[in-house]
Amino acid sequence: MSSNLQSIRGMNDMLPADADTWRFFEDTVRAWLESYGYREIRTPILENTALFKRAIGEVTDIVEKEMYTFIDELNGESLTLRPEGTASCVRAVVQNNLIYDGGKRLWYMGPMFRHERPQKGRYRQFHQVGVEAMGFAGPDVDAEHILMSADLWKRLGISPALELNTLGDAEARRRHRERLIKYFEANVDVLDEDAKRRLHANPLRILDTKNPAMQALVEAAPKLMDDLDEESLAHFDAVQRLLHDLGIEYRINMRLVRGLDYYNRTVFEWVTDKLGAQGTVCAGGRFDGLIEQLGGKPAPACGFAMGIERLLALLEVEGIKPEHRAPDVYLVHAGEQAAAWAWQVARDLREKNVSVLMHAGGGSFKSQMKKADGSGARFAAIIGDNEAANRKMSLKPLRMEAEQAIVNIDEAADILQRK
Ligand code: ATP
Ligand code: MG
């Protein structure tokens, strides 16, 4: 295949071989979200570029270099494929006045797009599940989000570790910013190009660098913790007390600042050392200023998002392999009368909640039975002209030692329905 007909680098097909795992994940996630009373929201994948610039921040990796942005030639508007879900979610809440009568607990799931260098655990189209609680000041909601995520790991059978930090309020971050600028100015020869550019625009972002040459410098940088305001400290204490009461273990990581500008106060990440460099599987925190920043009435909010590909990779590392859902029965038929009866049998069984893979393309009984075996179905239903004449079928177990039986449709349904 010529390369311009192949999929775009960093954007992957989800192949049938992986479908069982995706489905296990999605089913688990939906049941989990329901059990916490969260409701789904779906927003468009395309938004005005201005939305992401305003929400995520101009001087961030995402806005500076990772967005898929293009001009809509019909009207000259600048549009962007969503790189994350919170901005759209907040936009939809403001635009539709969703929190006029109190807080709302929402979730979304879907593809996100970032123009990054593709590697294991880092793709250009990837998928997230996101959870947002809008209109809640916490700290109980902060703790609920952390508890929720911990609960999901249990349901999935994985055990990433929790890292926690607080970013304080805007004033604390302003104080911290001044100290950071002084500190980095004094060490300007260690800064890379990105960091130099950000030194005055957004020094907090420098703490988020992935450049190994700057780690020691960043490690020794002034801590936001020392600039914290009283209220944020009290909020952080309350979150920690709740986590303690809930029996959730965590490590405070004062370097955790998150890559998006909208966060304040509580931030957290769930990390694993089992996936190499891309070890963060879930991240979130509080964004009390964002709703107002996007034009809504001021209201606090909190949320988190997880990377589905990374979580699925972790399931694989942990050897968690969801059961393959094969059809209940493979329908083998040869002969003209047999075919007519087989259509009927297939339709009736499906109505009775039995999944039927009907043989297509003709061929001998023997070659059809080979296909039946390969299909993974638990049974083959065999119909020849004889069975057709009696309005019956021969039901043969394929996955266990048991007798073949001649049965009618109702009897077959009884045997085939998953109990
Ligand atoms: P990273 O530091 O790994 O780039 P991030 O801070 O940019 O992550 P967030 O914007 O917080 O990521 O997104 C939440 C989660 O989405 C991440 O923790 C990760 O699991 C997943 N994620 C982010 N970017 C990608 C990507 N390019 N490919 C796959 N998963 C991703
Ligand atoms: Mg990133």
If you place +1 on the Cβ of every Lys and Arg and -1 on the Cβ of every Asp and Glu, how big does the dipole about the Cα centre of the range 1-143 come out, in debye to the nearest 20?
-> 200
Angle in degrees between helix 336-351 and the longest Cα principal axis of the chain, rounded to the nearest 10 = 40
At 1.306 mPa s and 10 °C, Stokes diffusion of the chain via Kirkwood alpha-carbon radius, µm² per second | 64
Within the range 308-419: Cβ-based charge dipole about Cα centre, in debye rounded to nearest 20 (Lys, Arg +1; Asp, Glu -1) = 140
Principal semi-axes in Å for the range 1-81 [√(5λ), Cα gyration tensor, largest first] | 30, 23, 13
Counting only DSSP beta bridges with both residues in the range 1-154, tell me the antiparallel percent, nearest 5.
-> 90
The range 291-419: antiparallel bridges as % of DSSP beta bridges, rounded to 5, reads 45
Helix 170-186 sits off the longest principal axis of the Cα atoms of the chain, rounded to the nearest 10 on a 0 to 90 degree scale, by 70
Report the percentage of all Cα-Cα pairs in the range 107-187 whose separation exceeds 21 Å, rounded to a whole percent.
-> 59
Order of exposure, largest accessible area first, which applies to M214, M11 with probe 1.4 Å | M11, M214
Expected field for H324, accessible surface area in Å² at 1.4 Å probe radius, rounded to 10, holds 110
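Can you give the Rg to Rh ratio for the range 328-381, taking only C-alpha atoms and Rh from Kirkwood?
Over the Cα atoms of the range 328-381, Rg/Rh equals 0.94.
Grab the other residues whose beta carbon is less than 13 angstrom from that of S7, score K and R as +1, D and E as -1, and report the net.
Local charge sum for S7: +1.
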Counting only protein heavy atoms and leaving out ligands, DNA and RNA, the solvent-accessible surface of M109 at a 1.4 Å probe, in Å² to the nearest 10, equals 40
Cβ-based net charge around E336, under 14 Å, with every Lys or Arg adding one and every Asp or Glu removing one = -2
If you roll a 1.4 Å probe over the range 50-164 with all protein chains in place, what percent of the accessible area is carbon or sulfur?
-> 50
Can you give the convex hull volume per residue for the Cα atoms of the range 220-332, as a whole number of Å³?
-> 215
Top positive-direction residue, dipole computed over the range 98-210 with Cβ charges, set M148, I158, Q125 | Q125
Alpha-carbon spread of the range 1-154, three principal axes, descending order, Å = 52, 41, 27
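The values are calculated or read from the model by the stated rules, or taken from the named source; none is laboratory data. Treat the numbers as computed from the prediction; the structure is a model and nothing was measured. Reconstructed Cβ throughout: ideal geometry from the backbone, glycine too, with neighbour counts over all protein chains shown. Quick note on the areas: whole protein, heavy atoms, side chains included, nothing else; ligands and nucleic acids left out. Shrake-Rupley method; radii C 1.70, N 1.55, O 1.52, S 1.80 Å.
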